[in-house]
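Written below as structure tokens is the structure these notes are about.
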Amino acid sequence: MPGTSDTPSTPSITVTPTLTEILVAFVTMSLSGFGGVLPFARRTLVEERRWMTSEEFNDAFALSQFLPGPNIVNFSVVFGARFRGLAGAAVALFGLVTPPLLIVIVIGILYARYGEIAALARALTALGAAAAGLIIATVIKMALPLVEEGLSPAPVFALLAFAAVGIMRWPMHWVLLALVPLSIGVAFFVHRGRRA
Amino acid sequence: MNNDNILWTLAGHFALLSLFAIGGANAAIPEMHRLAVDVMGWMTDRQFTDMFAIAQVTPGPNVIVVTLIGYHVAGLPGALVATLAMCGPTCLAAYWIGGTWERFKQARWRTALQAGMVPIGIGLMAASAFVVARAADHNLVAAAITLATACITFWTKLNPLWLLGAAALMGLAGLV
């Protein structure tokens, strides 16, 4: 994240969206969000509607990523609550989740009925293979900054999480209960060491 | 009675899972797979991969893979219960924490929290990629599709929908 967040170069946004505007924005974002909503969220909220500055968006999204659970879903709540309180949070969440929920239920019904048709099954297998490739590319893009940081404990924790959950197939909550406190503790002391 | 049980099971599992889904819904894929295929026996490996693929090509947040799993297990109520359980707890957390988060922007513990969680989220995502690839790549053609998609996505800015579409066509044509 750029270190410019302290300078008042970007004035805070004064326009407060109405509930209807929030709903429309999140429905639109959700329905255009093929393969993830984040890029569309940034474009809609920061570039088009200008309800948030880029820094405000990054900050709100960092919080949503830090919280467990679906990031963009968390983000919708943080965003809605910031502008319109509880009602805003509910409307943003509703707008984000409902349209794809309905679509995917229809697909689920079709899948239950036709999923065994050979050609369709093969198409889905191929889709799954491609989707796995998409995640691999995303992971590499995310991991590069960790490696480029040089000597830091971060890659070790990434590898441990990968091996324990991906290869050993241990239950995720046990793995995380062990790894997360350790990783945060190490980060705490490494950070202090760098400051000193 | 039996139906009530399965709904509670879905709710409990997905609520717990959501609390540990560091790095988002896709980071929880290995645990969902372990749960749905290995532990509960709700579906086969292939069905799980199918649902993952469907969720990726449906617009909207990736979390809707949970909706599909819920639907598969217990129909419409299952779909709604699983989705609510996956989104509810962390949405409440987001609502309560959202307001106070700004105040601790400079706090050292906040920096450490973020710095400590990021690599674990990435490790979990890597596990997702591994689990899905292993389930999807039954033969060399499928493995080649995975590899090609990964390379093209990494090195170009091509919209992933084209790659997914091309893969689906290859499957329809019987090449996989």
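The values are calculated or read from the model by the stated rules, or taken from the named source; none is laboratory data. Since the model is a prediction, treat every value here as computed from it, not as a measurement. Neighbour counts run over all protein chains shown; Cβ positions are idealised from the backbone, glycine included.
Okay, here's what the table says:
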item: Number of positions in segment B:136-147 that are touching a residue at least 12 places away in the same chain (Cβ under 8 Å) and at the interface with chain A (Cβ under 7 Å from one of its Cβ atoms); result: 4
item: Options B:36, B:11, B:15, B:28; residue that is at the interface with chain A (Cβ under 9 Å from one of its Cβ atoms) and among the aliphatic types (A, V, I, L, M); result: B:28
item: Residue ID - nearest to the other protein chains (Cβ to nearest Cβ), chosen from residues in segment A:28-62 that are among the aliphatic types (A, V, I, L, M) and buried (at least 20 other Cβ atoms within 10 Å of the Cβ); result: A:37
item: Elements of type helices (runs of 4 or more DSSP H) contained in segment A:61-171, each with 2 or more residues being among the β-branched types (Val, Ile, Thr); result: A:71-114, A:118-148
item: Residues of segment A:53-92 satisfying the condition of being touching a residue at least 60 places away in the same chain (Cβ under 8 Å) and within 15 Å of residue B:87 (Cα to Cα); result: A:91, A:92
item: Any hit, segment A:142-158, residues being assigned by TED's automatic domain parsing to the domain that holds residue A:66 and under 23 Å from residue B:34 (Cα atoms); result: no
item: Selection count, segment B:100-133, where residues are touching a Lys or Arg at 6+ places or on another chain (Cβ under 9 Å) and either assigned to a loop (DSSP other than H, G, I, E, B) or more than 7 Å from chain A (Cβ to nearest Cβ) (or both); result: 1
item: Residue count, segment B:134-163 (criterion: in a helix (DSSP H, G or I) and touching a Ser or Thr at 6+ places or on another chain (Cβ under 8 Å)); result: 6
item: Residue satisfying all of: in segment A:106-158; more than 8 Å from chain B (Cβ to nearest Cβ) and of a type in the set (D, E, K, R); surrounded by the most Cβ atoms within 10 Å (Cβ to Cβ) among these; result: A:149
item: Hits in segment A:99-129 (condition: farther than 22 Å from residue B:174 by Cβ and free of Cβ contacts under 8 Å to residues at least 12 places away in the same chain); result: A:101, A:102, A:103, A:104, A:105, A:106, A:107, A:108, A:109, A:112
item: Residues (modelled with pLDDT of 90 or more and over 15 Å from residue B:59 (Cα atoms)) located in segment A:101-116; result: A:109, A:110, A:111, A:112, A:113, A:114
item: Boolean, residue B:167 is without any contact (Cβ under 8 Å) to a residue 24 or more places away in the chain, assigned to a helix (DSSP H, G or I) and either more than 8 Å from chain A (Cβ to nearest Cβ) or surrounded by fewer than 21 Cβ atoms within 10 Å (Cβ to Cβ) (or both); result: no
